[in-house]
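Undergrad: Below: one structure in structure tokens.
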Amino acid sequence: MGVINNPAVLYKKIMKELPRVLMIYDIDMPLEDAKSSIRSRFYDQKDVKDPRVIEMLVETGYFSLETSMLQHKQKNHLMHFLEGYTVPMEAERKRLMSPDAPIEQQFARN
């Protein structure tokens, strides 16, 4: 397995760039928590033995790192990746109380 297709090299590059990515996207998450999240993503794939699948996963990882560094992702994409965080949809925040409630109460932000 070449150096470019080595998951350990990808892991080191991600860990090196992680503080910069957190700063670029203004993600208020402790660095250790972000590192732990990345580490668990790598551990999830530890049983993969097929070299073609490993190569595909590593290439996908490099692509994801590159698009993050070039700011081609949105903040919620990274938040979802790092901690499974999802931003509540506008419709979920503005639920109707009851049909009889006044209009101001129905559309008040909670």
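Undergrad: Cβ-Cβ below 7 Å, separation at least six or inter-chain, first residue in the range 7-30 and closer than 14 Å to S64 by Cα, second of a type in the set (S, T, Y) and surrounded by 15 or more Cβ atoms within 10 Å (Cβ to Cβ): which pairs?
TA: Once the first residue is closer than 14 Å to S64 by Cα and sits in the range 7-30, its partners that are of a type in the set (S, T, Y) and surrounded by 15 or more Cβ atoms within 10 Å (Cβ to Cβ) give L10/Y62; V21/S68.
Results for (1) farther than 15 Å from N6 by Cα; (2) surrounded by fewer than 11 Cβ atoms within 10 Å (Cβ to Cβ); (3) modelled with pLDDT under 95, shown as yes or no for each residue.
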position: S36; (1), (2), (3): yes, no, yes
position: R41; (1), (2), (3): yes, no, yes
position: D44; (1), (2), (3): yes, yes, yes
position: P51; (1), (2), (3): no, yes, yes
position: M69; (1), (2), (3): yes, no, yes
position: Q74; (1), (2), (3): yes, no, yes
position: H77; (1), (2), (3): yes, no, yes
position: F81; (1), (2), (3): yes, no, yes
position: G84; (1), (2), (3): yes, yes, yes
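Undergrad: Restricting to the range 47-76, what's the tally of residues that are assigned to a helix (DSSP H, G or I) and in contact with a Ser or Thr (Cβ under 9 Å, 6 or more places away or on another chain)? Give the derivation first.
TA: Kept after step one, since they are assigned to a helix (DSSP H, G or I), are these residues of the range 47-76: 51-69, 75-76.
Cutting the leftovers down to in contact with a Ser or Thr (Cβ under 9 Å, 6 or more places away or on another chain) gives us 76.
So the count comes out to 1.
Undergrad: Does at least one position in the range 36-46 carry a residue that is in a loop (DSSP other than H, G, I, E, B), more than 13 Å from the chain's Cα centre (by Cα) and more than 19 Å from M79 (Cα to Cα)?
TA: Restricting attention to the range 36-46, the residues satisfying the condition of being in a loop (DSSP other than H, G, I, E, B) are 45-46.
Right, trim to more than 13 Å from the chain's Cα centre (by Cα) and you get 45-46.
Add one more test, that the residue is more than 19 Å from M79 (Cα to Cα), and what stays is 45-46.
Within the range 36-46, one or more residues are in a loop (DSSP other than H, G, I, E, B), more than 13 Å from the chain's Cα centre (by Cα) and more than 19 Å from M79 (Cα to Cα).
The values are calculated or read from the model by the stated rules, or taken from the named source; none is laboratory data. Nothing here was measured: the structure is a model prediction, and the numbers come from that model. In this analysis, Cβ positions are derived from the backbone assuming ideal geometry, glycine residues included, and neighbour counts consider all displayed protein chains.
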